[in-house]
Amino acid sequence: MVNAPQPLPMDVITSAEQERRESARRGDRAARRQSILQKLGIIIPFVLVLLAGIMLVPSFLSTSNITNMLVDGAILAITAYGMTMVIALRGIDLSVGSTQAVVACVAAVSVNAWGLLPGVLAGIAAAIILGLVNGLIVTTFRVPAFIATLATLGIFRGIALLFTGGAPIMITDAAFRSIATSSIFGIPVPFIVAVLVGAGFWFVLDRMRFGKHVVAVGGSPESATDSGIKVKRIELIAYVVAAAAAGVAGLLLASQLGSVNGSLSSGLELQAIAVVVLGGTSMAGGRGNIIGTFLASLLLAMINAGLNLLNVPSFYQYIALGMLLVFALSLDSAQRAAVRRVFEGKVA
């Protein structure tokens, strides 16, 4: 006769239940601490820079300066939205500045030749092609994203310089040039575009299945694969979207400047990475924060505007950007360390 399994002692069940509840509490504490650090990471420097600008720069709140900050912040934000998606995927795109230069140059020539709509479509098509190149190198040839996009940074920049012959291209189409300088109810059009594009990215990352898959792949590609997620396809789409976002920003930048050249947007990748991480997206992947990216882009625009109004030499702006990037990366490390300590039970 087979003996029936004996039930577990009550003290064993109680102990297991207590451990489960304690693990859940640690998870809740980790989420709360992470949320607080994310919010403070962008709100504190944003408020400090705003107050410093108001106190130190007499014309900081002038209409023209506010407009310039909104336009510059919007153009950076649109580029950074795409970078947010790629970094949340545990990737990176160092070629966004070069992509933007190619798109702006293609659009400028096309707009001059064919008009507004064909020129804009040509620019977006160029961005999608460059994004496909990045995505295929990463997914098909399995080249690490850092190396792949570092290589295409140089390749795309060379294409832009070859395309322009090293000379600036003046944009003659008045309709195209008016896009970045127009406003609706006093709000610059680029800022409105940035808000709308940001809302789209937020909806995709936070509410759609694709966004959930992006976060899952960034958290653990192996687990995502085991769950049936097509990791390569998600990665490919993310790099195409990132390039398309940089392309849209490049169109607005070309409209703002009225002329473009092959050196346009040099160093943009560092700015985009800085605002993405400062906005609360982890370099380790698995987390994206579009709203934080938007606010961090405005923060950087405020810093640049304040330094320009104070006639600070441009090389100090590079120092400020580097310090901001160090701060953002340090904050990201602090967030992950705090979460890890909570899960290990080292923080009550």
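The values are calculated or read from the model by the stated rules, or taken from the named source; none is laboratory data. Being a predicted model, the structure only gives us computed values, none of them experimental. Note that each Cβ is placed from the backbone with ideal geometry, even for glycine, and that neighbours are counted across all protein chains shown. We work out accessible area using only protein heavy atoms, side chains counted, and drop any ligands, DNA or RNA first. Shrake-Rupley method; radii C 1.70, N 1.55, O 1.52, S 1.80 Å.
Things to note:
- Index of the failed condition, residue 208 passing every other in (1) closer than 30 Å to residue 122 by Cβ; (2) of a type outside the set (Lys, Arg); (3) touching a residue at least 40 places away in the same chain (Cβ under 8 Å): (3)
- For beta carbons closer than 9 Å, sequence separation of 6+ or different chains, a first residue in the range 233-255 that is among the acidic types (Asp, Glu) and a second that is outside any helix (DSSP H, G or I), the qualifying pairs are 235/89; 235/91.
- Matching option when the condition is modelled with pLDDT of 95 or more and farther than 22 Å from residue 260 by Cα, among 155, 147: 147
- When 151, 122, 113, 101 are checked against the criterion of being assigned to a helix (DSSP H, G or I), open to solvent by 20 Å² or more (accessible area, probe 1.4 Å) and in contact with a Ser or Thr (Cβ under 6 Å, 6 or more places away or on another chain), 122 stands alone in meeting it.
- Exactly one residue out of 132, 161 is more than 24 Å from residue 70 (Cα to Cα), touching a Gly at 6+ places or on another chain (Cβ under 7 Å) and open to solvent by 50 Å² or more (accessible area, probe 1.4 Å), and it is 161.
- For residue 86: the one exception among (1) hydrophobic (A, V, I, L, M, F, W, C); (2) at pLDDT below 60; (3) assigned to a helix (DSSP H, G or I): (2)
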